[in-house]
Amino acid sequence: MQCGRRRSRRVGDMTSFVGGNVGSWRVLRVDPVIGVPLAWISRLEVTEGQAQPPPGTWVLRGVTAFDRYVTPAERSLLEARQEILGRQSATSAALIPIRKSAAWWDLPPDERRAIFEERSHHIRTGIEYLPAVARRLYHSRELGEPFDFLTWFEYFPDHAAAFEELVERLRSTEEWRYVEREVDVRLAWDPPIPATARVPR
Ligand code: HEM
């Protein structure tokens, strides 16, 4: 559980995002960006591990995985700048589930990498926003889920405009022409027991 013990993430660890009317994250908006929307929810809970997630209006599941596209040089840059999730004052968050088209998955891996980074500069752009934004990518496609990826970001409330700019920059790239479903869920940390501590993860 989000409010449970501290543990480090390993490849293959399952995380469930449960949208409903309970949870430590209060929902600010659920915006359909492209494709089929998600139902409105007022609260979101993040549940880690294989435990049965609490019931909700919808549940999205993903697992952490090895990077597909990152070069060793990019990994060094990311590791030098990236922050952990669960920082006390990073009380704004975004859950952005994304599905890419069959045309994307039909491309050879080298061409996907070329679109993703050489032509769309996804990593180069994203790094500009670290360490204010902390991120984690979950893979869902292999689980037969409705989205291919669940992207999760935590940032400081005064960084909201910069995060908006980042999202707009990425959405204007060639990579995003292959996005056929995307929903943008924005959240504020607001646990039912206000003293509940954030758990670094
Ligand atoms: C905060 C700055 C960001 C950084 C540093 C960043 C970095 C990365 C990196 C390194 C990967 C590649 C993982 C791999 O090799 O498998 C990746 C993948 C991805 N990111 Fe970002 N990202 C950022 C922001 C975003 C945002 C704001 C979105 C959504 C609006 C997003 C959506 C995705 C998606 C969907 C993938 C998977 C792409 C695929 O495998 O086809 N990222 N990101």
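Sorted ascending by nearby beta carbons within 10 Å, beginning with the fewest, Y138, Y69 become Y69, Y138.
Summing Cβ point charges (Lys, Arg +1; Asp, Glu -1) relative to the Cα centre of the chain gives a dipole of roughly 680 debye. Listed by Cβ neighbour count within 10 Å, with the fewest neighbours leading, R177, R43 appear as R177, R43.
Dividing the helix sum by the residues of the chain, where each DSSP H run of 4 or more adds -39500 (n - 2.57), gives a mean residue ellipticity at 222 nm of -5000 deg cm²/dmol. Multiplying the residue separation of L77 and V33 by 0.36 nm and subtracting their alpha-carbon distance yields 12.8 nm.
So if each residue of separation counts as 0.36 nm, and I subtract the Cα-Cα distance between A161 and R141, what length gain in nm does that give?
4.2 nm
Computed extension gain for A188 through W105, at 0.36 nm per residue and net of the alpha carbon distance, reaches 26.5 nm. From a point 7 Å beyond the Cα of R177 in the direction of its Cβ, which residues of region 110-141 have a backbone N at a distance under 18 Å? Only 110-122 pass the distance filter. Site pair V199 and E118 shows an inter-label distance of 4.3 nm when each label is modelled 7 Å from Cα along Cα→Cβ. Between P200, F116, Q82, the Cα set farthest toward the positive side of the dipole of the chain (charges on each charged residue's Cβ, about the Cα centre) is that of P200. Along each principal axis, taking the top coordinate minus the bottom one, the Cα set of the chain gives 48, 35, 31 Å in descending order. For region 137-201, the normalised intensity computed at q = 0.17, 0.18 Å⁻¹ comes to -0.85, -0.92 (log10 of I(q)/I(0), Debye sum over alpha carbons, equal scatterers, no solvent).
Where a number appears in this text, it was derived from the coordinates with a stated rule and is not lab data. For clarity, every value in this text was computed on a predicted model and none was experimentally measured. Note: ideal-geometry Cβ built from the backbone for every residue, glycine included; neighbour counts use all protein chains shown.
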